[in-house]
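The values are calculated or read from the model by the stated rules, or taken from the named source; none is laboratory data. Just so it is clear, the model here is predicted, and its values are computed rather than measured. Counting neighbours? That spans all protein chains shown, and the Cβs are built from the backbone with ideal geometry, glycine included.
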Amino acid sequence: MELKDNQISLIIDRVLKEMNNRNLNIEISEGIFNNMDEAINAAEEAQFKLSQMSIEEREKLIVSMRKAILENSMNIASLCVKETGMGRVDHKYLKMKLVAEKTPGTEVLKTDAYTGDKGLTLVEMAPYGVIGAIAPCTNPAATIACNSIGMIASGNSVVFSPHPSAVQCSLTTIRILNKAIREAGGPENLITSIKEPSIQSTNDMINHPKVRMLVATGGPGIVKIVLSSGKKAIGAGAGNPPVVVDETADIKKAARDIIKGCTFDNNLPCIAEKEVIVVEDVYENLISEMKKDGNVYELNEEEIEKLARIVLVEKIENGKKKYTINKSYVGKDAFIILQSIGINVSKEIECLICRVDNSHPFVQEELMMPILPIVKVKSFNDALKLAVEDEHGNRHTAMIHSKNVDNLTKMARAINTTIFVKNAPSYAGIGFGGEGHTTFTIAGPTGEGLTNAATFTRKRRCVMVDSFRII
Ligand code: NAD
């Protein structure tokens with residue numbers, strides 16, 4: 001296979017970045033340690049100190065963390081894009097802001113009380129202790145900031161395993177948060193990690209006896225690993241969100257919303273629109289509306305084929321064609337992806353749309369690139385059938401654009417996803433332009449849904465017999 005110049009430069013870029021990471025002169029301070037054992041011991045000591053503080057004091061730490069995230073959001077966003085080569089600074093900034101403003105704190109911790117002839121029983125939400133959290137390279141800082149707020153609000157400390165290709169931005173975020181906690185009167189090392197995270201160190205963390213809960217935000221591999229650990233584990237895994245458009249939709253708005261959702265952070269979010277299934281009556285109209293704002297490029301058949309050969313890696317398994325994603329293109333700008341097949345367009349182009357069959361790998365694989373495949377079907381029922389198939393049982397996210405109440409309801413039931421967004425971009429589902437709190441750890445496989453402080457707790461019951469009842 002021959003490599004084109006820009007493919008070679010993408011590979012060199014990636015290798016250099018990884019070498020760079022290894023050569024980082026990372027300082028051992030503000031929660032960063034040499035090895036997992038030290039990081040976990042420090043987090044354990046910090047969690048004990050946190051347990052001695054009142055909930056009001058704990059909330060002050062959260063307020064300080066929110067402030068620090070807001071103050072540093074632009075710098076962190078730039079660092080993430082610079083280091084990983086993925087996503088967009090403007091959108092990563094918005095994600096950090098969203099985390100600071102809409103991640104719940106201690107207010108979601110609720111106590112249940114039962115009183116009766118036999119007295120009073122309380123059920124309280126208690127911390128696990130030290131949580132081991134694994135973060136993805138596609139969304140390193142926002143995941144770390146969001147997890148940290150929720151986990152500390154519920155009285156835990158947290159040890160992070162960042163992705164090895166997002167070390168600097170992850171550790172910087174941890175340092176900033178720890179400093180904010182100290183400045184608000186909290187203990188050192190409530191959030192810890194190590195200077196050279198690796199697959200081995202993640203496994204050390206998973207198997208460490210002092211880590212009592214695991215939270216994995218990433219692909220199916222890491223979710224399976226934490227679920228096989230024998231510990232309480234929360235798995236926030238991959239998605240492949242379909243969006244259905246029927247003939248009753250406001251097509252102009254649907255087109256805009258879909259492009260906005262699909263291009264958000266260059267399609268890195270697990271919730272972002274990954275394929276559109278549209279009924280034939282409005283198919284042409286939807287595509288022409290998509291192209292009106294000047295930020296969309298429609299690929300022709302030849303270009304689709306060329307691009308598929310570059311962004312996907314084909315292999316034969318048990319006589320069947322299988323595809324994996326060429327990671328060099330994940331989260332890249334649309335105009336850069338186009339350059340790889342020799343097409344130069346302006347930087348204004350944010351999204352590459354293409355007309356394909358439902359079986360096309362652009363539909364079936366979770367690309368995490370601003371490439372949007374569009375599939376034409378005869379009826380809403382056909383669209384729904386394909387959407388269910390394309391979601392692959394991830395139970396993650398799906399969208400619909402429709403004014404037909406029956407269709408809206410039918411899809412909500414059939415698709416069975418954790419997030420279902422009607423008539424809006426996907427990100428409305430995580431509180432960005434929609435109601436409800438935000439999170440960047442959406443636990444579909446293990447069922448906790450949109451995680452928050454309450455998710456990171458264990459229930460403890462206290463029973464007082466024959467007393468404390470007031471009637
Ligand atoms: P990834 O699975 O490659 O890595 C995620 C994390 O797991 C990283 O820290 C990585 O180092 C670690 N990891 C992966 N394999 C491991 C192994 N064998 N042993 C030990 N550690 C291992 O995913 P990524 O590319 O960083 O992130 C993208 C994926 O995450 C996508 O599939 C996306 O849908 C998913 N994601 C899900 C959510 C959610 O809330 N459900 C949020 C963000 C991303």
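Below is a table of values for the structure above.
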quantity: Hey, Ala272 hydrophobic (A, V, I, L, M, F, W, C), within 25 Å of Asp406 (Cα to Cα) and in contact with a His (Cβ under 6 Å, 6 or more places away or on another chain) or not; calculated: no
quantity: When residues of the range 415-447 are limited to those that are of a type in the set (Gly, Ala, Ser) and in contact (Cβ under 8 Å) with a residue 40 or more places away in the chain, the one surrounded by the fewest Cβ atoms within 10 Å (Cβ to Cβ); calculated: Gly431
quantity: Unique match (being under 16 Å from Ile174 (Cβ atoms) and surrounded by fewer than 20 Cβ atoms within 10 Å (Cβ to Cβ)) among Glu38, Glu59, Glu83, Glu107; calculated: Glu38
quantity: The range 110-134, residues that are surrounded by fewer than 16 Cβ atoms within 10 Å (Cβ to Cβ), out of contact with any Cys (no Cβ under 9 Å at 6 or more places or on another chain) and part of a strand (DSSP E or B); calculated: Asp112, Ala113, Tyr114, Thr115, Gly116, Gly119, Ala126
quantity: Cβ-Cβ under 9 Å pairs, at least 6 apart or on other chains, the range 149-168 side more than 16 Å from Asn189 (Cβ to Cβ), far side among the aromatic types (Phe, Trp, Tyr) and away from the ligand (no atom under 14 Å from the Cβ); calculated: Gly150/Phe456; Ala153/Phe456; Ser154/Tyr128; Ser154/Phe456
quantity: Filter result for the condition that a residue is under 26 Å from the mean Cα position of the chain (by Cα) and more than 16 Å from the ligand (Cβ to nearest atom), over Ile349, Ile343, Ile371; calculated: Ile349
quantity: Qualifying residue in the range 135-153 (condition: under 20 Å from Asn35 (Cα atoms), surrounded by 17 or more Cβ atoms within 10 Å (Cβ to Cβ), away from the ligand (no atom under 13 Å from the Cβ) and not polar (S, T, N, Q)); calculated: no
quantity: Those residues of the range 322-340 which are away from the ligand (no atom under 16 Å from the Cβ) and at pLDDT 95 or above, in sequence order; calculated: Asp333, Ala334, Phe335, Ile336, Ile337, Leu338, Gln339, Ser340
quantity: Any chance Pro187 is surrounded by fewer than 23 Cβ atoms within 10 Å (Cβ to Cβ) and in a loop (DSSP other than H, G, I, E, B); calculated: yes
quantity: Any hit, the range 249-256, residues being of a type in the set (Asp, Glu) and either free of Cβ contacts under 8 Å to residues at least 40 places away in the same chain or within 13 Å of the ligand (Cβ to nearest atom) (or both); calculated: no
quantity: Residue, nearest to the ligand (Cβ to nearest atom), within the range 269-285, restricted to residues that are crowded, with 24+ Cβ neighbours inside 10 Å and not charged (D, E, K, R); calculated: Cys270
quantity: Any hit, the range 6-24, residues being part of a loop (DSSP other than H, G, I, E, B), closer than 20 Å to Ile176 by Cα and either at pLDDT 70 or above or in contact with a helix residue (DSSP H, G or I) (Cβ under 9 Å, 6 or more places away or on another chain) (or both); calculated: yes
quantity: Any hit, the range 235-244, residues being away from the ligand (no atom under 16 Å from the Cβ) and either outside any strand (DSSP E or B) or hydroxyl-bearing (Ser, Thr, Tyr) (or both); calculated: no
quantity: Qualifying residue in the range 332-346 (condition: among the basic types (Lys, Arg) and under 26 Å from Gly219 (Cα atoms)); calculated: yes
quantity: Matching residues in the range 399-419 - criterion: being within 15 Å of the ligand (Cβ to nearest atom) and not polar (S, T, N, Q); calculated: Ile419
quantity: Residue within the range 443-452 that is farther than 21 Å from Gly218 by Cα and either of a type in the set (Gly, Ala, Ser) or touching a strand residue (DSSP E or B) at 6+ places or on another chain (Cβ under 7 Å) (or both) present; calculated: no
quantity: Residues (of a type in the set (A, V, I, L, M), touching a Pro at 6+ places or on another chain (Cβ under 9 Å) and either within 12 Å of the ligand (Cβ to nearest atom) or modelled with pLDDT under 95 (or both)) located in the range 420-470; calculated: Ile430
quantity: Index of the failed condition, Val311 passing every other in (1) under 28 Å from Ile430 (Cβ atoms); (2) more than 16 Å from the ligand (Cβ to nearest atom); (3) more than 21 Å from the chain's Cα centre (by Cα); calculated: (2)
quantity: First in the range 185-196 and of a type in the set (Lys, Arg), second anywhere and crowded, with 21+ Cβ neighbours inside 10 Å, Cβ under 8 Å, 6 or more apart; calculated: Lys195/Ile32; Lys195/Val167; Lys195/Leu171
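Quick grid of which residues meet (1) part of a loop (DSSP other than H, G, I, E, B); (2) hydrophobic (A, V, I, L, M, F, W, C); (3) away from the ligand (no atom under 11 Å from the Cβ); (4) more than 19 Å from Ser170 (Cβ to Cβ):
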residue	(1), (2), (3), (4)
Pro197	yes, no, no, no
Ser201	no, no, no, no
Met213	no, yes, yes, yes
Ala216	no, yes, no, no
Ile222	no, yes, no, no
